[in-house]
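The values are calculated or read from the model by the stated rules, or taken from the named source; none is laboratory data. It should be emphasised that the depicted structure is a prediction, and the values quoted were computed from it without experimental measurement. Don't worry about glycine lacking a Cβ; one is built from the backbone with ideal geometry, like all the others, and counts go over all protein chains shown.
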């Protein structure tokens, strides 16, 4: 069961049982974005506030499996208070970690043609706990659900501002 | 049920090559036949033999292998038709891609020709998306009203208001057996009431046909759709049985070769059924495989298969309760004559995907998710369940490994 222990690390189970930044913000002023995984019914609802180029607040609602929900919780802790540029960098790094095997497996999503750039695990902090997911390709979509919603939300906020 | 000779499951298991493999160093425990069944070696061999010795397109060439190929394909109709008691298999058995396509075929052809604005369609809350979405698409197009027979607290259809629900209904679409609850619906009684109200009845037989004896002359339905791969045949072939007079009155489905009598630059005449509904080169090797699968099931005996799965369902439900108690909720009616071998499990508050992930480490194959029945899942108040489904080769050991995996999931998620 070594793979299982690696997938369900204590930090993941902790975020699943006690999710951080749980709830919804009034929208507007907050921006609201939903993510669905139609295959399994996981859903995540993201409320976010961007002020002066900073993601000043973020809340997570929705329901789903331990991977989708803990990833959302870990993400909210990691991105709250960061500048939009830093958040984009983190999304890039996280999705890099998740796409390591995707090209090989021919899965949907980010296809890495060339040698993947090395993952900066220090930068990922607690998020590195989710790296065990890549051994379970079907679950990668669970882990990236909230991150895709966040990227979409940032895009929408930027589009509204311009 | 009348007593039948029990199955020799240990011997039957040897017929399935896939059951010899291991998963994560453990013997595979295949509990996902409701999703797709495994194939006995005879099916795999028959398809290989067909490709190695006979393959040619059907209904075209006059050379020997083309004749043989055509014969094998048309023979499949007869074998499949007899399996479900069809009075006229050569006319009434239409091959499609799967159950979904067969149901869409009815919606596109019978539905478009017979339903007009304001007409009503009656479905049930326990339908698979494939018996909801085609009708919703048609309803949008033709301005129809779609109604639903509700599901009661035990996972059975609540028929108390059936007569009222049938008012103005032209088509009734009902699953013969639920792919989530395992409920075997009283199709004959529903069809009787539907016919009195002047409605045509289409049954989704994807779950029941592979697991119980079926006779379309007493089933009640006017159309019956089912899939080859759920009854130990190959993927890529499904079946629509329809009453001859209905099929004859229906317009074609897809247009192309094989479904016409004549084509001019500005018009065409369609072939009679079943060719009318089978445009293009059909699934020939798949039909050969399906013939073999039907033969395999018939040789064992559908009454014996049903009895085996009935007994094992009762055993499984009792063992799950005994070992896991109130932590484990299996949706659907209690074991009984109206309960098939499909068990949708909720265990503590552990998400179905996490349950299935842990079970995979034990070699146990179950299906997590909404099972393409989202309206039913909403009604049950769950997002997803982990579904274990039985086959003729399932045994008590499989159930013990399932329980072992669930206990481990409970430990892991504390």
Exercise. What single numbered condition from (1) in contact with a strand residue (DSSP E or B) (Cβ under 9 Å, 6 or more places away or on another chain); (2) away from chain A (no Cβ under 14 Å); (3) more than 19 Å from residue B:308 (Cβ to Cβ); (4) in contact (Cβ under 8 Å) with a residue 60 or more places away in the chain fails to hold for residue B:26?
Worked result: (2)
For this session: Check every one of the strands (runs of 3 or more DSSP E) wholly within the range B:130-244 and list those with 1 or more residues that are at pLDDT 95 or above, closer than 15 Å to residue B:83 by Cβ and over 20 Å from the mean Cα position of the chain (by Cα).
Result: none
For this session: Name every residue in the range B:335-346 that is crowded, with 24+ Cβ neighbours inside 10 Å and either within 13 Å of chain A (Cβ to nearest Cβ) or free of Cβ contacts under 8 Å to residues at least 12 places away in the same chain (or both), in order of residue number.
Result: none
For this session: Write out, first by first residue and then by second, each pair whose Cβ atoms fall under 8 Å of each other, whose residues are 6+ apart or on separate chains, and whose first residue, in the range B:364-390, is more than 10 Å from chain A (Cβ to nearest Cβ) and without any contact (Cβ under 8 Å) to a residue 60 or more places away in the chain while the second is surrounded by 21 or more Cβ atoms within 10 Å (Cβ to Cβ) and in a helix (DSSP H, G or I).
Result: B:386/B:352; B:386/B:355; B:386/B:356; B:386/B:359
Exercise. What is the one condition in (1) over 30 Å from residue B:243 (Cβ atoms); (2) in contact with a strand residue (DSSP E or B) (Cβ under 8 Å, 6 or more places away or on another chain) that residue B:62 does not satisfy?
Worked result: (2)
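Among the candidates A:109, A:125, A:132, single out the residue that is in contact with a helix residue (DSSP H, G or I) (Cβ under 8 Å, 6 or more places away or on another chain) and at pLDDT below 70.
A:109
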For this session: Give B:325, B:332, B:405 a once-over and let me know the one that is free of Cβ contacts under 8 Å to residues at least 60 places away in the same chain, on the phi > 0 side of the Ramachandran plot and either away from chain A (no Cβ under 13 Å) or assigned to a helix (DSSP H, G or I) (or both).
Result: B:325
For this session: Mind telling me which of the residues B:20, B:53 ends up being outside the structural domain of residue B:295 (by TED's automatic domain parsing) and surrounded by fewer than 20 Cβ atoms within 10 Å (Cβ to Cβ)?
Result: B:20
Exercise. Right, residue B:43: buried (at least 21 other Cβ atoms within 10 Å of the Cβ) and in contact with a strand residue (DSSP E or B) (Cβ under 6 Å, 6 or more places away or on another chain) or not?
Worked result: no
Problem set entry | Residue tally, condition touching a helix residue (DSSP H, G or I) at 6+ places or on another chain (Cβ under 7 Å) and either closer than 14 Å to residue B:35 by Cα or outside any strand (DSSP E or B) (or both), over the range B:341-352 | 4
